[in-house]
Structures are given as structure tokens and as C-alpha cells.
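Have a look at the structure below before the remarks.
Read-outs: derived from the displayed coordinates by stated rules, not from any lab. These figures come from a predicted structure and were not determined experimentally. Counting neighbours? That spans all protein chains shown, and the Cβs are built from the backbone with ideal geometry, glycine included.
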Amino acid sequence: MKQILSYIESNKKRYLNELTELLKIPSVSSQPKRKDDVLNCANWIAEHLKTIGMENVKIHKTKGHPIVYADYLKTNGKPTVLFYGHYDVQPEEPIDLWTSQPFDATIRGENLYARGAADDKGQIFIHFKAIESILKNYGELPLNLKIIIEGEEEVGSPNLENFVKQNKQMLKSDLILISDSSMFAKDVPSICYSLRGLTYMEVELTGPNRDLHSGSFGGSVHNPIQALCEMISSLHDKNGKITIPNFYNDVLSLTKEERNSFVKLPFSEKKYAKDLGVKELYGEKGYSSLERVWARPTLECNGIWGGYTGDGAKTVLPSKAFAKISMRLVPNQSSKKIAKLFENHLKKIAPKTVQIKVRSLHGGEAAITPIDSNGVKSAVIALEKGFGKKVLYQREGGSIPIVVQFKKILKTDTVLLGFGLPDENAHAPNEFINLNNFFNGIKTSVYFYYEFAKSFEN
Ligand SMILES: [Zn+2]
């Protein structure tokens with residue numbers, strides 16, 4: 001390890017120069033005028049993978065931007081890691097809010113600023129340099145490694161699912177590794193091991209068969225907007241719990257260890273409330289805000305409409321009322337099952353004064369890679385060695401569709417080894433990567449590959 005660490009130390013400048021080259025390519029996947037730039041970027045990635053010693057490098061065409069594949073499969077009997085990342089970036093606009101040119105990597109203070117510095121070019125480059133450092137010093141990797149770097153993540157990865165389905169064998173691995181997320185805070189290395197799922201529903205209530213004059217009819221008919229509000233407000237009890245029967249049946253409870261770790265994160269409920277401009281926070285009783293957002297299912301009314309919403313007044317008693325309602329789900333809950341429970345419950349509580357239609361718009365499952373799995377355990381050891389600090393656990397309240405797709409198609413868990421920071425301005429002007437995170441990230445990745453290989457020995 002000493003040899004690798006000193007190699008990293010003495011090559012820092014070159015690493016940054018190479019990263020600057022990569023960041024200079026404006027590989028904005030959403031803009032047709034950048035199509036050639038995106039292709040150039042794929043070529044750059046492919047060439048670079050060859051230089052660092054990866055093999056079978058191939059640029060796979062898709063209906064959109066290409067996917068770069070490479071592997072190193074020489075270590076018989078060792079586990080295989082599939083590393084996923086993306087070389088495309090978000091548009092740089094609005095340009096005038098950038099302090100330096102978005103595609104000119106510029107170092108200010110301890111950060112390197114450029115579009116893609118954190119999301120995700122800087123983070124994939126961390127792994128490229130880790131791989132190089134190992135291969136240049138020891139001639140072989142401690143495990144088998146497959147790499148796919150796609151060019152359409154920022155536009156929703158429209159061709160990735162097909163690619164994965166068609167190349168199941170080629171992409172087979174023991175673990176998927178992604179570095180495209182953030183740590184909890186600066187100097188707080190953390191590992192995100194779970195994401196929430198989602199079920200999205202739409203409700204339509206019909207009262208009278210046409211819009212009515214509220215003077216002539218008001219008082220004789222149940223206004224569907226009122227009925228809908230009554231139904232929605234009954235979906236939570238006074239403790240903030242969701243009242244749909246059996247809703248919590250499959251919820252995977254937090255362990256003591258997880259709860260204790262969340263408490264250690266530098267997080268202030270007071271500051272959080274102030275930052276959001278609310279006098280008091282709201283949520284399920286018995287849980288902290290982090291627990292509510294990360295590990296408890298929730299139900300939100302995302303939109304509600306009906307009747308007249310234009311300028312001035314119109315005295316209408318509307319025929320219809322609508323609402324969009326989504327539920328964030330946690331590991332072990334099934335989005336299809338929850339959609340059904342929701343539909344049945346709403347039909348049950350709808351008063352006889354209205355007719356109800358419930359539609360399911362879309363859904364996705366939550367994901368969890370257990371904290372005692374080889375993948376997470378190796379990541380924790382690697383982060384502690386790379387950053388020289390105790391690592392804390394965190395979850396994510398949103399979802400990362402790719403992780404769910406990988407799980408569904410390849411049946412493989414993902415470790416999210418994020419080296420970004422929450423304030424890194426991903427997708428916004430002045431995106432940056434912290435240089436300390438960049439170099440500690442390289443060390444962490446090196447440690448990770450060794451630790452994960454070792455975890456299969458016992
Ligand atoms: Zn990204």
C-alpha cells in the first residue's frame with residue numbers, strides 16, 4: 001500500500017491535468033448540438049481506460065449516446081465488481097452565474113470548478129486513477145473488474161435498461177459500485193446504503209354530472225372538492241401515521257445500530273426548520289427528521305385541483321375534483337401492493353355522494369444493501385482508511401432508478417461510494433469537486449478493491 005500511496009502523491013499534478021482534459025469536453029447529453037462532443041468524450045474515456053491498463057475496451061452504440069465498456073478479468077477465483085458511472089453532463093447554463101468558464105477546470109481554494117467536476121466525471125476519474133495506481137505498481141488488480149460508463153444519465157438513461165438486459169452475462173458481478181453521490185458533509189465520510197421507493201397515484205372524484213350554479217344548487221349536493229379534501233385529510237392520523245390499513249405491514253424497521261449512527265451525523269433539526277422557513281417540523285411521531293425522510297414511508301398530496309381557478313370569481317359547484325398523491329416507500333414494501341392498498345382504501349372511504357376513479361401512474365421499489373454485507377463493510381473500512389475518519393451511515397430519501405434497475409435485471413446489490421459534497425452545485429453554476437475528497441477518494445477506491453477482494457476469502 002505504501003508504494004501505491006507514494007505513487008498517488010507523486011502523480012497528483014498529472015491526475016489533475018488529465019481530469020482537466022476530460023472536463024474540457026462539453027459532453028452535454030441533452031443538447032443535439034453537442035452530439036459530437038458527447039461522442040468525443042466516449043472516445044476519450046475508452047482511450048483512457050486502455051492507458052490505465054483496462055482490457056476489452058469497447059464503445060457500444062445505442063439509439064442515443066454510446067456506452068463505454070472495459071474489463072479486467074484475470075484474477076481467477078476472486079470476486080467481480082461492476083463499476084458504473086456516466087460521462088455526460090448537464091447543460092452549463094446560465095453561463096453568467098459561473099465565476100470561471102464551465103468547461104475550463106479552475107482551482108480556487110481547495111476546490112476544482114467545472115461542469116461535471118463532481119457529477120460525474122470527477123468521481124469516475126477517481127476510480128480510473130485508483131485502478132492505474134494499482135496496475136502500475138503491482139501489475140494486477142486484486143479482483144475482477146468490469147466498467148460501464150454511459151452517456152445518457154442526465155437525460156434519464158433511456159437506453160441503459162435495454163443494454164443491461166441484452167448483456168446480462170457480460171455485466172454479471174458480485175457487486176455494483178457507483179460513485180455519483182455525496183457524503184453527508186465535508187469531513188464527514190458517510191456511506192449511503194438505502195434508497196426509498198415510490199408509488200404515484202391519481203384520484204378523480206365526480207359529484208354531479210355537470211358543473212352547477214352554487215347559488216341554485218349549493219347546499220343540496222356534496223362538493224367533490226370538499227369530499228376529496230375530507231378523504232385526503234383522513235389519510236394521516238394525529239400522530240402523522242398513515243391510516244391506510246396494512247400500509248406498514250412490510251416495513252423493514254430501523255435497527256438500533258442504524259438509529260445510533262444517524263444520531264451521530266452533524267444535523268440540527270432547528271437549523272433544518274429555519275432553513276426551510278417553517279416554524280415547526282412535521283412528521284410521524286417517534287422518529288427524527290432524518291429517520292422520517294430516509295427510513296419511514298410517507299404519503300404526500302402533490303397536487304389538487306378542480307372547479308374554477310382563473311382570474312376573479314366564478315360561483316361554481318364543480319362536477320369533478322382531482323388529486324395526485326405519491327407515497328415514498330422503504331425497503332421490503334412493494335410499490336404494486338401499496339398501490340392496491342391505496343386504491344382499495346380510497347374506494348372504501350369515498351362517500352356515497354361521489355364516484356371515484358383511482359389510477360396508478362408509476363412506481364419503483366426501494367433498495368437496501370445491508371450494512372453487514374461484504375460490499376458495505378468493505379466500503380466502510382476503505383473510507384476510514386482513505387479519509388482517516390470514522391464513517392457514519394446514511395440513507396437517501398429519494399430513489400436512484402439505475403440502482404433499482406440493476407437489482408431487478410442483474411439481481412445484484414449496489415454500493416454507493418459517493419465522494420461529492422452536498423453543496424457541490426451539481427446541475428447548477430459553479431459545480432466543483434473538493435480536491436481533498438478527490439485525492440482521498442482515489443486512496444479509498446484502492447482500499448475498497450483490496451478490502452472487497454479480501455472479504456471473499458473467509
Ligand atoms: Zn450523476
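Some notes on this structure:
- Taken as Cα centroids, the stretch 278-314 and the stretch 379-448 sit 29 Å apart, rounded to the nearest whole angstrom.
- Coordinate range along principal axes, alpha carbons of the stretch 1-112, Å, largest first: 52, 41, 20
- For a label point 7 Å along the Cα-to-beta-carbon line of residue 99, residues of the stretch 109-133 with backbone N under 20 Å: 109-119, 122
- Taken about its Cα centre, the chain carries a charge dipole of roughly 1160 debye when the Cβ of each Lys and Arg holds +1 and the Cβ of each Asp and Glu holds -1.
- Ordering 335-342, 301-308 by mean Cβ neighbour count within 10 Å, with the highest value first, yields 335-342, 301-308.
- The value given for the stretch 225-333 is a Kirkwood hydrodynamic radius of 16.7 Å, derived from the mean inverse Cα-Cα separation.
- Considering only Cα atoms, the convex hull volume of the stretch 317-448 works out to 173 Å³ per residue.
- Looking at the chain alone, DSSP beta bridges between its own residues are antiparallel in about 70 percent of cases.
- Listed residues 77, 49, 228: farthest to the positive end of the dipole of the chain (Cβ charges): 228
- Whichever aspartates and glutamates have a C-alpha closer than 14 Å to that of residue 408, once near sequence neighbours (fewer than 8 apart) are set aside: 161, 365
- Here's how it looks for residue 320: its modeled amide H is under 5 Å from those of 207, 307, which are all 5 or more places away or on a different chain.
- Summing Lys and Arg as +1 and Asp and Glu as -1 over all other residues whose Cβ lies under 9 Å from the Cβ of residue 240 gives a net charge of +2.
- Sum of -39500 (n - 2.57) over DSSP H runs of 4+, divided by residues of the chain (222 nm, nearest 500): -11000 deg cm²/dmol
- Exceedance of the 29 Å cut-off in Cα-Cα distance is limited, within the set 165/443; 74/390; 129/407; 58/443; 61/336; 12/172, to 165/443; 74/390; 61/336; 12/172.
- For the stretch 352-458, GluC sites (Glu not before Pro) are listed when DSSP marks them as loop and at most 13 other Cβ atoms sit within 10 Å of their Cβ; the list is 457.
- Reciprocal mean inverse distance between Cα atoms of the stretch 137-188 - Kirkwood radius, Å: 14.1
- Taking a straight line from the alpha carbon of residue 274, these lysines sit under 23 Å away, with near neighbours fewer than eight places off in the same chain left out: 186, 264, 285.
- Amide H contacts under 5 Å for residue 420, placed H, 5+ residues apart: 181, 182, 183
- Ordering 286-293, 174-181 by mean Cβ neighbour count within 10 Å, with the highest value first, yields 174-181, 286-293.
- Cα pair distances of the stretch 119-261 binned at 5 Å [whole percent]: 1, 5, 8, 10, 12, 10, 11, 10, 8, 6, 6, 5, 3, 2, 1, 1, 0, 0
- Averaging the sequence gap over all C-alpha pairs within less than 8 Å and six or more residues apart, then dividing by the number of residues, gives the chain a relative contact order of 25 percent.
- Around the amide H of residue 236, modelled in the peptide plane, lie the amide H atoms of 243, all under 5 Å away and 5 or more residues distant in sequence or on another chain.
- Stokes-Einstein D in µm²/s, Kirkwood radius over Cα pairs - the stretch 374-458 at 10 °C with 1.306 mPa s viscosity: 109
- Residue exposure sequence - 25, 232, 368 - by fewest surrounding Cβ within 10 Å: 232, 368, 25
- Residue ranges 108-118, 248-258 sort as 108-118, 248-258 when ordered by packing (mean number of other C-beta atoms within 10 Å per residue, highest first).
- Two-decimal Rg/Rh across the chain, once Rg and the Kirkwood Rh are taken from alpha-carbon atoms: 1.04
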